[in-house]
1. If I go through segment 64-85 residue by residue, how many of them are part of a loop (DSSP other than H, G, I, E, B) and not polar (S, T, N, Q)?
2. Can you list the strands (runs of 3 or more DSSP E) found entirely within segment 222-338 that contain at least 3 residues being over 18 Å from Ile133 (Cα atoms) and not assigned by TED's automatic domain parsing to the domain that holds His145?
3. Looking at segment 32-63 only, could you name the residues that are in a strand (DSSP E or B) and touching a Phe, Trp or Tyr at 6+ places or on another chain (Cβ under 9 Å)?
4. If I ask for residues that are hydrophobic (A, V, I, L, M, F, W, C) and over 22 Å from the mean Cα position of the chain (by Cα), which ones from segment 172-191 would you list?
5. Restricting segment 287-319 to residues that are basic (Lys, Arg) and free of Cβ contacts under 8 Å to residues at least 24 places away in the same chain, which is surrounded by the fewest Cβ atoms within 10 Å (Cβ to Cβ)?
6. Is it the case that Phe112 is over 30 Å from Cys213 (Cα atoms) and either surrounded by 16 or more Cβ atoms within 10 Å (Cβ to Cβ) or touching a residue at least 24 places away in the same chain (Cβ under 8 Å) (or both)?
7. Looking at the structure I just gave you, is His119 free of Cβ contacts under 8 Å to residues at least 60 places away in the same chain, within 27 Å of Ile311 (Cβ to Cβ) and buried (at least 17 other Cβ atoms within 10 Å of the Cβ)?
8. With loosely packed, with under 14 Cβ neighbours inside 10 Å and acidic (Asp, Glu) as the only criterion, which of Glu44, Glu61, Glu77 stands out?
Amino acid sequence: MKKMVCVVAAVLMLVMPLFAQATAESGPKKYQTLQMYTALDTEEAQYYLDVFQKSSGIKVEYVRMSSGEVLARMEAEKSNPQASVWFGGSNTDHINAQSKGLLTPYKPATDFELAPMLHADDYSWNGFYTGAIGFVTNTEFLKKHNLQPPKSWDDLLNPVYKGQIEMAYPYTSGTAYTTWATIIQMKGLAGALDWWEKFDKNVHQYTKSGTACIARAGLGECAVGISFSHDIVAKGVAMGYPLVMSFPEEGTGYEVGAVSMINGARQVEEAKIFMDWCFTEEAQNLFKKYSRLPVNPKATVAEGAVKLSDIKLIDYDAVKMGLAKDEYVTAWRDRIGK
């Protein structure tokens with residue numbers, strides 16, 4: 001009997017580690033930390049990523065940069081990518097990245113069909129929100145000068161606005177490049193350069209970020225800013241600043257905000273899970289806080305958000321503007337000298 005007990009004990013000692021290993025393997029899946037670049041403002045990006053991390057169990061580390069800076073970083077790191085996802089920013093910049101072989105195609109798993117305007121033909125980039133370019137103006141300045149909010153692009157050439165307009169550099173900001181691309185498509189490159197040379201006389205300063213002008217206009221540090229409508233609402237009007245939003249009557253450009261997997265991504269599985277999540281009802285409903293227009297038909301649109309169908313848009317060719325970005329930015333810098 002004593003011999004039998006010893007045999008059983010020996011068998012258990014051999015079997016127990018196998019049970020322990022099986023239990024460990026059936027536990028929660030361990031993911032890599034997802035590395036990403038984002039063109040969204042830090043506070044907004046963190047808001048979305050906090051929910052994603054809690055929902056998925058995947059830790060995220062990110063660097064916030066304007067779209068032009070993200071693109072430059074990705075080009076510099078092409079042979080050794082340091083991030084797996086580019087989160088946010090106008091699709092024109094993602095299209096430019098696609099043309100340079102910096103993106104890997106991935107079609108997100110969604111429970112609705114993405115419209116053709118919301119993705120690349122090969123799904124190298126995928127649009128998860130939209131928004132239009134608008135003007136944000138300090139109402140106290142308007143009252144002081146007995147003015148109405150600007151309602152055309154040429155209104156911005158009024159001498160009363162000399163040194164009173166702010167926006168970002170077209171080569172650092174997706175917002176500003178969308179603005180520049182809009183003028184090009186309306187006037188042709190030569191006409192756009194002539195127009196911008198006049199407009200530049202009224203510009204107080206250019207910034208790196210496309211949203212910086214909103215708070216500055218609200219504080220009276222400038223009179224007019226040019227930015228996306230969702231940012232004007234969320235970071236200006238909704239914050240209680242004395243601001244009014246308007247749009248050019250002859251038409252304005254718009255963005256499809258995109259998310260893409262970076263070519264050579266090290267966290268491919270985690271990147272795919274994140275990109276799938278971006279299109280879920282959970283993720284898209286988060287946009288209400290920042291007035292972005294969701295693409296998921298089940299998501300709720302924020303009160304006060306301006307739908308693209310509510311304003312006049314130009315026939316904006318994002319693909320053409322994305323492919324020609326380097327040429328158009330160079331032309332702007334050569335002529336404007338900034």
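1. Taking segment 64-85 first, the residues part of a loop (DSSP other than H, G, I, E, B) are 65-66, 77-84.
If we keep only those that are not polar (S, T, N, Q) too, we end up with 65, 77-78, 81, 83.
Looking only at that region, the number is 5.
2. 254-262
3. Correct list: Leu34, Gln35, Met36, Tyr37, Thr38, Val60, Tyr62, Val63.
4. Met186, Leu189, Ala190, listed by residue number.
5. Looking at residues that are basic (Lys, Arg) and free of Cβ contacts under 8 Å to residues at least 24 places away in the same chain, I get Lys307.
6. yes
7. On the way: free of Cβ contacts under 8 Å to residues at least 60 places away in the same chain: yes; within 27 Å of Ile311 (Cβ to Cβ): yes; buried (at least 17 other Cβ atoms within 10 Å of the Cβ): yes.
Taking the combined requirement at face value, the residue satisfies it.
8. After applying the criteria, what remains is Glu61.
The values are calculated or read from the model by the stated rules, or taken from the named source; none is laboratory data. Treat the numbers as computed from the prediction; the structure is a model and nothing was measured. Please note: Cβ atoms are built from the backbone with ideal geometry, for glycine as well, and neighbour counts cover all protein chains shown.
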